[in-house]
């Protein structure tokens, strides 16, 4: 498994297309995403309330218990998605930056920058 990013209490790892969350002090990994073409980037918010994983679109996963395993094409209060399998195709993500606790900037492969609310 490869580490995408880590913070004081969390680690985001991936093995091929699947993304996992490891919480400090727990052995069990939580499946928090699935990306066609493997995930490319991830960040954990400074306050550790959410994480964002990017590649073929993004998944914002909220770091609140109980942690629910990600299910493709399923809506949940544990996560939300952007740019994945839209009517216009998939948005390929190159970079994600946290602007503040509630807003992120997503840079696409064609260098467009999109501001998104996390909550």
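Taking the stretch 53-67 as the search range and keeping residues that are in contact (Cβ under 8 Å) with a residue 24 or more places away in the chain and over 16 Å from residue 2 (Cα atoms), which one is surrounded by the fewest Cβ atoms within 10 Å (Cβ to Cβ)? Among them, the one singled out is 67.
Among the numbered conditions (1) at pLDDT below 95; (2) buried (at least 20 other Cβ atoms within 10 Å of the Cβ); (3) under 15 Å from residue 19 (Cα atoms), the only one that residue 37 does not meet is (2). Residue-level check: of (1) part of a strand (DSSP E or B); (2) in contact with a strand residue (DSSP E or B) (Cβ under 6 Å, 6 or more places away or on another chain); (3) under 23 Å from residue 99 (Cβ atoms), residue 56 misses just (2). Of all residues in the stretch 96-105, none are crowded, with 17+ Cβ neighbours inside 10 Å and at pLDDT below 95.
The values are calculated or read from the model by the stated rules, or taken from the named source; none is laboratory data. These numbers come from a predicted model, not from an experiment. Using ideal geometry, Cβ is built from the backbone for each residue, glycine included, and neighbour counts are taken over all protein chains shown.
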